[in-house]
């Protein structure tokens, strides 16, 4: 059933981040929490709350280098509860620093990214995968103040990924990403009388804005140059 929401205001900035800290595994660790509340649908590759559905919050949590827990979804859910997050949400993790994320916006689309690229490469590398390695992770969270169809949500993930790769290459990093990159794209839930956009490719109205926002956020999050990654 459509969620009754007022028409979106494309000029607002929906990504208001809470900065959290905790002591864990002998380290002082940080996390970012976005609580947009009800009325949002998200698509994500995250270990917690991945897939597509209505979500009320997104947590991007730093974990210690050498992370060995085998229940990351449960771990993230516990961190979210401790922060007071309610309802279903999305949880991402990384061993990279998250306290100062890269941020960018374009025409109502907004994105933030955290980037650790100590372990990076090209997606179509030879050989079999050897499992996830947490220290190198690029996490991207983006929000659009409009409703998207299911297909457009999937298209938005492709667009965000293409923009990430463009940012990496333009910054001098010879790679498409890291083995554990994750993405979450949020869009408003459909509401009575509102338009639901069917496209989010890089040449559609909202896909283009999403691409520029993600590109800017990833570039801002990356180290100053490949020699310092």
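Below are the figures for this structure:
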read-out: Index of the failed condition, residue 103 passing every other in (1) surrounded by 22 or more Cβ atoms within 10 Å (Cβ to Cβ); (2) touching a residue at least 60 places away in the same chain (Cβ under 8 Å); value: (1)
read-out: Single residue of 143, 152, 147, 186 found to be at pLDDT 95 or above and assigned to a helix (DSSP H, G or I); value: 152
read-out: Residue in the range 108-117 that is within 16 Å of the chain's Cα centre (by Cα), within 19 Å of residue 177 (Cα to Cα) and modelled with pLDDT under 95 present; value: yes
read-out: Matching option when the condition is over 13 Å from the mean Cα position of the chain (by Cα), on the phi > 0 side of the Ramachandran plot and not in a helix (DSSP H, G or I), among 201, 193; value: 193
read-out: Residue 179, sole failed condition from (1) crowded, with 17+ Cβ neighbours inside 10 Å; (2) in a loop (DSSP other than H, G, I, E, B); (3) at pLDDT 95 or above; value: (3)
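Conditions (1) surrounded by fewer than 24 Cβ atoms within 10 Å (Cβ to Cβ); (2) touching a strand residue (DSSP E or B) at 6+ places or on another chain (Cβ under 7 Å); (3) closer than 23 Å to residue 149 by Cα, marked per residue:
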| residue | (1), (2), (3) |
| --- | --- |
| 162 | yes, no, yes |
| 172 | yes, no, no |
| 186 | no, yes, yes |
| 189 | yes, yes, yes |
| 200 | no, yes, yes |
| 205 | yes, no, yes |
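The values are calculated or read from the model by the stated rules, or taken from the named source; none is laboratory data. Source: prediction; values computed, not measured. As a convention, Cβ positions derive from the backbone with ideal geometry for all residues, glycine included, and neighbour counts pool all protein chains shown.
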